[in-house]
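Have a look at the structure below, then the notes.
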Amino acid sequence: MPIILQVVIFPSDNEYLNYLSYSDYLPPIGTDLERLKPGIRLKVPFGKTNKEKISLLIAIKQETSVPPEKLKAALEILDSYPLFSSDHFELIRWASQYYHYSINNVVSAVFPSPIKKGDSITNQAIIKWKITASHVNLPIEYLPNITPLQLNILRLLKEYPQGLTKKTILSQFSTAQRTLTVLQTKGWIIPVEQNLPDKPIIINPSLQLNSAQQAVVTQVCQRLTQFYPCLLDGITGSGKTEVYLQIIQQVLLEGKQALVLVPEINLTLQMLERFQQRFVDDIVVLHSNINKPERLQAWLAARDGHARVIIGTRSAVWTPLQNLGIFIVDEEHDLSYKQQDNFRYSARDIALVRAQRAKVPIILGSATPSLDSLYHAYQGRYQHFTLPERAGTAVHPTFHLVNMRQQSAHRYLSQQLQSEIETCLTKKQQILLFINRRGYAPTLICFNCGWVAQCIQCDSNLTYHAAVQQLLCHHCGYRVKVYTQCPHCQHTKLHLMGQGTERIEDELKHYFPQARVLRIDSDSTRKRKSMESILTQIHQGNVDILVGTQMLAKGHHFPNVTLVGILNADSGLFNIDFRASEHMAQLLIQVAGRAGRAELSGKVVVQTYFPQHPLLESLINQNYAAFAQRALEERQQTNFPPFTRLALLRARAKNMENAMEFLHKAKLSAQQLDTTDIQLWGPVQAPMEKREGWYRAQLLLQSNQRNKLHLFLTRWLPQLKGTPKDTRWSLDIDPQSLL
Ligand code: ADP
Ligand code: ZN
Ligand code: ZN
């Protein structure tokens, strides 16, 4: 009987292995077969050129459909132990089936790159410094020749007899590195290798919960060993994070781990700080801005149970965990949980599936829950918890709509907003102005002939960026020097229309010359750590007016901000995408939530050209729940999610005919199959027809029944093989946008 190794090959970066799935190999020549366990990595020769690739061993079997003369031997075994449990692989397999992506593309998204590249991994034990037994009861002040720094370190360690990591000590005394060695030579402290079981948990005092918070903590803590999906629907500042902390505390006391997802890297830092204040260490962070070795260590620490709390962005949902106790998805409505390229998965949905498989609770938290989650909560599929009041002493901000039609033209700041800013400045309080576009102005137009500056690669206008004096495409990065003359009619009367953060910054400087204005968008925060220093400046009160994009909308606390201005509330109202109004409402409420979080009450001024729009009215005059109710009714009438299920087949080619032709053929082949309960819409050209030089088209599939849709896709997709060379396609299950 031959021994056949079934493996999954890791695609290299940016390589997309659409049709490949499992591959079979013989064991490396002369291998001790004992060493072959599913879950280890193997180096294998791949393709005609026998290029060396890294692969994962999935199964050991006796048969293969590969003819003997084509069967190659693997080259080398890379691991002594499996990288993950079989459960974890089952999850990966499930995701590959649900999203209809090849298993190769899924593993590529799931593992940290050092693992995919075949780097060897060593598990580093956690080292902690402790006071030696012979010194623990000595009055340290009387130790001979002790320096103040040495004394401080010893005092700290005395408070933590179970020891502290070097990192924690350095976070208190940044110059302690060498002193630790000195103290060790003196025999006063020792480094000890720490294993989780005997590692005590350090938990700092928590806040006294209000009754709404307490109800959530109690309910969830009674169900720590079952799948208990909850929607924590709590207004900004209502104390959701405190609820997470107290539930996690209970999970940790039971010896289990917690995985916390946040939408953005900037927010992990803020979350990390609050978690560290509570749980001291035991926390690791996983996101793409951490250097690779550190990320791998964090991944391993999570897998091996050395880290008890894992905080991360989207891809952290794939972290293998030794003893999972709970999932938290903060700001669950956020779009960044959905990966929009390569493997298009939703981290929120994966977290739900993981929680269900592991039989643990999951908390989806938000001040503005997605309509999908709200619907599930209304249907009773999720436990619906609400925190209607702000925690502590802060109160709700008040909303004021300003009708921009009554303003003089060419004004971006209404008179009302301007006078509110004035008042706020005299009171020495901070102001936040939100506009969802970076740059100076989104349109450069010739008033003589109507020419508009457009991207050569995309079906989109170029945005003028004053700081660099260039026109930039926000979709592909194309840039050119700004025109001074119309390239079409040579006229020099070019105009900048519309507003971006830079223009508002300019306007503010003009109207309020004494005010300190700070702009926050992806241009001003590009450098590493610049967001941190911006946040510090804001908190120290070195800023009067903040102007920013949605970067400002999310999660941050600005206790001294009492006025929020939303400069163009309308972008979501008439957008063709079925989720546009939902996203607009979420953004508005999130931005508004930044105001008056501490003792000072807040005011929100919303500028709009459509003050009578029903969705905007229900949002402003009532609340998010009223808006959601209305929006859900609309979705039901139009038969869109969450009332139906969608899959979007996207195609792109170097010309539109080819993209459309591919989709027409795909539709024809679909119609040969059983399409009961499946609706096919299109194909149509994508709303943004051309992007990065590709022409785009799409075919929408819709069904009332998820199972039928998936069954259909399983039969249909294999027929799309043999796509013409210049055409690419991708499938998006549960698309977040049809753009
Ligand atoms: P959210 O995550 O819902 O925005 P947070 O948990 O950040 O809310 O809480 C907002 C503020 O209220 C924080 O400063 C927090 O310390 C405080 N807070 C939360 N819960 C309580 C409580 N029970 N008593 C007093 N203050 C609280
Ligand atoms: Zn012109
Ligand atoms: Zn472009």
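Could you tell me which of the residues Arg652, Arg706 is surrounded by 21 or more Cβ atoms within 10 Å (Cβ to Cβ) and charged (D, E, K, R)?
Arg652 is the lone residue from the list that is surrounded by 21 or more Cβ atoms within 10 Å (Cβ to Cβ) and charged (D, E, K, R).
State all residues of the stretch 484-496 that are under 14 Å from Ala441 (Cα atoms) and more than 10 Å from ligand 2 (Cβ to nearest atom); if no residue qualifies, say none.
Within the stretch 484-496, His495, Leu496 meet the criteria.
Looking only at the stretch 298-331, which residues are among the polar types (S, T, N, Q) and in contact (Cβ under 8 Å) with a residue 60 or more places away in the chain?
Ser315, Thr319, Gln322, Asn323
Taking only the stretch 39-79 into account, find how many residues are of a type in the set (Ser, Thr, Tyr), surrounded by 14 or more Cβ atoms within 10 Å (Cβ to Cβ) and in a loop (DSSP other than H, G, I, E, B).
Of the residues in the stretch 39-79, 1 are of a type in the set (Ser, Thr, Tyr), surrounded by 14 or more Cβ atoms within 10 Å (Cβ to Cβ) and in a loop (DSSP other than H, G, I, E, B).
Which one of the conditions (1) among the acidic types (Asp, Glu); (2) within 16 Å of ligand 3 (Cβ to nearest atom); (3) part of a helix (DSSP H, G or I) does Glu420 fail to meet, given that it meets all the rest?
For Glu420, the failing item is (2).
Looking at Leu496, Leu508, Leu518, which one is surrounded by 13 or more Cβ atoms within 10 Å (Cβ to Cβ) and not in a strand (DSSP E or B)?
That would be Leu508, the only listed residue that is surrounded by 13 or more Cβ atoms within 10 Å (Cβ to Cβ) and not in a strand (DSSP E or B).
Could you look through the stretch 170-183, keep only residues that are in a helix (DSSP H, G or I) and either touching an Asp or Glu at 6+ places or on another chain (Cβ under 8 Å) or touching a residue at least 12 places away in the same chain (Cβ under 8 Å) (or both), and pick out the one that is nearest to Leu138 (Cα to Cα)?
Only one residue fits best here, namely Leu183.
Step by step: first the residues of the stretch 213-241, then only those that are assigned to a helix (DSSP H, G or I) and near ligand 1 (Cβ under 9 Å from one of its atoms), then the one that is farthest from Arg390 (Cα to Cα). Which residue is that?
Gln214
Pick out the one residue from Gly477, Gly450 that is in a loop (DSSP other than H, G, I, E, B), of a type outside the set (Lys, Arg) and either within 16 Å of ligand 2 (Cβ to nearest atom) or surrounded by 21 or more Cβ atoms within 10 Å (Cβ to Cβ) (or both).
Of Gly477, Gly450, the one residue that is in a loop (DSSP other than H, G, I, E, B), of a type outside the set (Lys, Arg) and either within 16 Å of ligand 2 (Cβ to nearest atom) or surrounded by 21 or more Cβ atoms within 10 Å (Cβ to Cβ) (or both) is Gly450.
For Tyr609, work out the one condition from (1) away from ligand 1 (no atom under 16 Å from the Cβ); (2) of a type in the set (Phe, Trp, Tyr); (3) buried (at least 19 other Cβ atoms within 10 Å of the Cβ) it doesn't fulfil.
So Tyr609 meets the others, but not (3).
Out of Ser419, Ser408, report the one residue that is more than 16 Å from ligand 2 (Cβ to nearest atom), in the same structural domain as Met551 (by TED's automatic domain parsing), more than 27 Å from Gln537 (Cα to Cα) and over 33 Å from the mean Cα position of the chain (by Cα).
Residue meeting the stated conditions: Ser408.
Would a scan of the stretch 568-579 turn up a residue that is part of a strand (DSSP E or B), touching a residue at least 24 places away in the same chain (Cβ under 8 Å) and of a type outside the set (Lys, Arg)?
There is no residue in the stretch 568-579 that is part of a strand (DSSP E or B), touching a residue at least 24 places away in the same chain (Cβ under 8 Å) and of a type outside the set (Lys, Arg).
Does Arg691 count as touching a Lys or Arg at 6+ places or on another chain (Cβ under 6 Å) and either of a type in the set (Ser, Thr, Tyr) or surrounded by 14 or more Cβ atoms within 10 Å (Cβ to Cβ) (or both)?
It is false that Arg691 is touching a Lys or Arg at 6+ places or on another chain (Cβ under 6 Å) and either of a type in the set (Ser, Thr, Tyr) or surrounded by 14 or more Cβ atoms within 10 Å (Cβ to Cβ) (or both).
Restricting attention to the stretch 521-560, report how many residues are part of a strand (DSSP E or B) and within 21 Å of Glu264 (Cα to Cα).
So the count comes out to 3.
Report yes if some residue within the stretch 339-357 is at pLDDT 95 or above, among the charged types (D, E, K, R) and not in a helix (DSSP H, G or I); otherwise report no.
No: zero hits.
Only one of (1) more than 27 Å from Leu170 (Cβ to Cβ); (2) within 23 Å of the chain's Cα centre (by Cα) fails for Val309. Which number is that?
(1)
Can you confirm whether the stretch 489-508 contains a residue that is more than 16 Å from ligand 3 (Cβ to nearest atom) and in contact with a helix residue (DSSP H, G or I) (Cβ under 7 Å, 6 or more places away or on another chain)?
No, there is no match, as no residue in the stretch 489-508 is more than 16 Å from ligand 3 (Cβ to nearest atom) and in contact with a helix residue (DSSP H, G or I) (Cβ under 7 Å, 6 or more places away or on another chain).
Just one of (1) under 19 Å from the mean Cα position of the chain (by Cα); (2) under 18 Å from Ala307 (Cβ atoms) trips up Asn266, so point out which.
All conditions pass for Asn266, except number (2).
Find all pairs meeting these conditions: Cβ atoms under 7 angstrom apart; at least six residues apart or on different chains; first residue within the stretch 443-458 and more than 13 Å from Val482 (Cα to Cα); second residue of a type in the set (Gly, Ala, Ser) and modelled with pLDDT under 95.
Gln457/Gly693
The values are calculated or read from the model by the stated rules, or taken from the named source; none is laboratory data. Just so it is clear, the model here is predicted, and its values are computed rather than measured. Methodologically, a virtual Cβ is constructed for each residue, glycine included, from the backbone with ideal geometry; neighbour enumeration extends over all protein chains shown.
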